[in-house]
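The next block holds one structure in the form of structure tokens; read it before the comments.
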């Protein structure tokens, strides 16, 4: 993860939507034909990196939750707020009242902001609908946004985000409904590539999570898991066992969880923004994971509750300052590792011949400035699918 | 500090560089004449606040120090890096090699960035020169930047930032030089309003700091103090005793320091960015200060070592999440309290008749979104001296 393969005096040649050559400028120039129609973007004294891949976001929601932010500042815990009807359930109530058109309208400036901070692909979860109709609505919104906006959105079904209000006293019925109706319908309509579960005390147990993930697999949805965020439940071990592509959060991962994930090829998606946004300090043991050879990815966890940011750069700052990743490790975690965490390692996440031309030109001389110069936006230009869009 | 005096359906009327009326839109319209030349900025569904006043910055420097950032991530302390020739001394070496024109060129994009995040006035310290010539050079750069850039820069002389290399074995001589030549010369040339001292173990002792501040007062420079940042030295008590306008940092302030500052009217300038940027968690006891009635201000501490950010919004996020200020308290601390901390409480820091028309229109519906939606930029427009500049 420390090896970025930096090229000084480098160039990237693009044809159509793809990268056709990368290397020292003179070598690239020797390989490609330049004519009058060739567009040249001079990036002297700048840094060019692959676009960030933000592999864990919840971008489709209605109302923001700044009042909960203030309550937490005043001492309430996330769990207390959730029990009092706030948290995910309040976002569910808000989302259900909105139409697809309204949700698209709300999402567009968020997607613009992701792009403005150098992110070119996001994983996008449903999970604020929690009824068949509303989950389908969100996934259709994600599909539409992917079509109309330059940012790529990779859809994940998260019907197992919480037990909705109307099932609160009959959780088993909700899980049956999820398994027998929602997952099959989402799969049939090809609206998601992944199926995620929030495995946690008071949310979905290990056993329930396993049942949901196994069902998802049968329907062709790859499982991923919110694991060990608020307590050490054994979610990491379960994610490995089920063959999940990633286990996310992992604030309370055990040593055996690290071993199991490594053994099974499950990627650790770390979300320091949700620790920060909750005003806490229990960052996941990233150094231990990296030292043990477990691949680590980074994401914003963009959502209106625990982590309200579209900025990958601030996540890199948190990763370096709070989890002691080096700047190079943080870049790897936010690009190529994150691409693998959403099964796109072959097409995005690095500047390589044949990959998508998703690149960001940074107005800096050293990539280390991205985490170091925190809380600001150092992006100069964003190139998506070979086109300069910002 | 909790009382923002919010006005719903409000308006601000400006004439020339000043605010001439503030209140409910209908009341403002009743007070002022509107004609064809009146420019109206519709800010419906937006929030209008006074521009932030960033009352502690070090904006004039040469090389950035991202390599030190990486060393800290890897485990070196700030003090170890300073002892090995890094830290402030490395910035001094870099700055001395640069001309005024070069320093201005480097500073301009920084000033643009301050403005872009809604800051309309900064306090700007010298302190990377540490020779008469180089300190004067910095203060002249600050003066020039204040003239040519819309941002207002309020100059502070910080010759007592560190003992420079050439005096390392004769610190008393440096202090004599400071007192007998630098302070008088800076005062004579009217290049600074304030005189700051870094009072800390291995930097300037309590006794030395007192001597420097008392001299500054005699020459008409108001004293302020870097106090109790890395250890509980009694800097807060000294700041109060000398009648400093502010004591800044205060991570290790004692209870008697809080009492003394309150008694003497010294404002507490808190710099959570430098705790964050150093990867530490020893935030100052802001709640205790506020609860005891000590006025608290916020600033970025923008500098290339410990806190490399021009963004007041991320400082507000840190203030709320790490020091438990409410969003309203954080806004007060970053506007009117900060204005008082640089002796400008009568002219900036709030939207009041007669004050400068330094205002920011935010693309949000609730001011609480500023700290809540962290790491991004929600500024819609910046109005400086009555003119829309961004």
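Please treat every number below as a calculation from the coordinates, not as lab data. Since the model is a prediction, treat every value here as computed from it, not as a measurement. Backbone-built Cβ (ideal geometry, glycine too); neighbour counts: all protein chains shown.
Hydrodynamic analysis of region A:43-112 uses the Kirkwood radius over alpha carbon pairs. Inserted into Stokes-Einstein at 25 °C and 0.890 mPa s, it gives a translational diffusion coefficient of 165 µm²/s. Computed from Cα atoms alone, the Kirkwood hydrodynamic radius reported for region A:270-330 is 11.5 Å. Volume per residue for region A:286-363 equals 119 cubic angstrom (convex hull of Cα atoms). Please report the base-10 log of the normalised intensity I(q)/I(0) for region B:119-166, using a Debye sum with one equal scatterer per alpha carbon and no solvent, at each q in 0.14, 0.17, 0.20, 0.28 (1/Å). Here log10 of I(q) over I(0) equals -0.34, -0.48, -0.62, -0.97.
If one takes the longest principal axis of the Cα atoms in chain A, at what angle in degrees, from 0 to 90 and to the nearest 10, does the Cα axis of helix A:132-148 lie? Computed tilt is about 10 degrees.
Every helix of 4 or more DSSP H residues in chain A counts as -39500 (n - 2.57), and over all residues that averages to -11000 deg cm²/dmol at 222 nm.
Using bins of 20 Å that start at zero, the share of Cα-Cα pairs per bin across the protein assembly as shown amounts to 16, 47, 31, 6, 0, in whole %. Each peptide in B:3-9, A:90-96 gets a packing score, the mean of other Cβ atoms within 10 Å over its residues, and the list from highest to lowest is A:90-96, B:3-9.
Step by step: find N for region B:328-390, compute 2.2 N^0.38 Å, then divide the Cα radius of gyration by it. What's the final number? Taking N as the residue count of region B:328-390, the ratio is 1.17.
What is the antiparallel percent of DSSP beta bridges lying wholly in the protein assembly as shown, to the nearest 5? Roughly 40 percent of the beta bridges in the protein assembly as shown run antiparallel, per DSSP.
Counting every alpha-carbon pair across chain B, the share separated by more than 38 Å comes to 16%. With the simple model of a label 7 Å out from the Cα in the direction of the Cβ, residue B:259 to residue A:101 spans 6.7 nm. Expressed in units of 2.2 N^0.38 Å, where N is the residue count, the Cα radius of gyration of region A:149-221 is 1.13.
Counting Cβ atoms of other protein chains within 10 Å of each Cβ in B:277-285 and taking the mean gives 2. For region B:1-86, the share of alpha carbon pairs falling in successive 10 Å distance bins from zero is 12, 28, 16, 13, 17, 12, 2 percent.
Between helix A:100-116 and chain A, what is the angle of the helix's C-alpha long axis to the longest principal axis, kept within 0 to 90° and rounded to the nearest 10? Computed tilt is about 40 degrees. First measure r as the distance between the Cβ atoms of residue A:207 and residue A:77, then evaluate 1/(1 + (r/R0)^6) with R0 = 22 Å and state the FRET efficiency to the nearest 0.05. Working from the Cβ atoms, E equals 0.30. Within region B:83-137, the proportion of C-alpha pairs whose separation exceeds 12 Å stands at 71%. Taking every residue in B:66-77 and counting other chain Cβ atoms within 10 Å of its Cβ, the average works out to 5.
Solvent-free Debye calculation, one equal scatterer per alpha-carbon of region B:200-349: log10 I(q)/I(0) at 0.14 Å⁻¹ equals -0.62.
When peptides B:379-389, A:229-239 are ranked by their average number of other Cβ atoms within 10 Å per residue, the highest-first order is A:229-239, B:379-389. How much of the pair distance distribution for region B:92-228 lies past 22 Å, counting alpha-carbon pairs only, in percent? For region B:92-228, the share of Cα pairs beyond 22 Å comes to 37 percent. Working ranking of peptides B:120-132, A:198-210 by packing, defined as the average number of other Cβ atoms within 10 Å per residue, highest first, is B:120-132, A:198-210. The distance from the alpha carbon centre of region A:194-261 to that of region A:72-141 is 21 Å, rounded to a whole number. Shielding value for A:19-25 is 0, the average number of Cβ atoms from other chains within 10 Å of each residue's Cβ. Axis angle, to the nearest 10 degrees, between helix A:206-218 and the longest C-alpha principal axis of chain A: 60 degrees.
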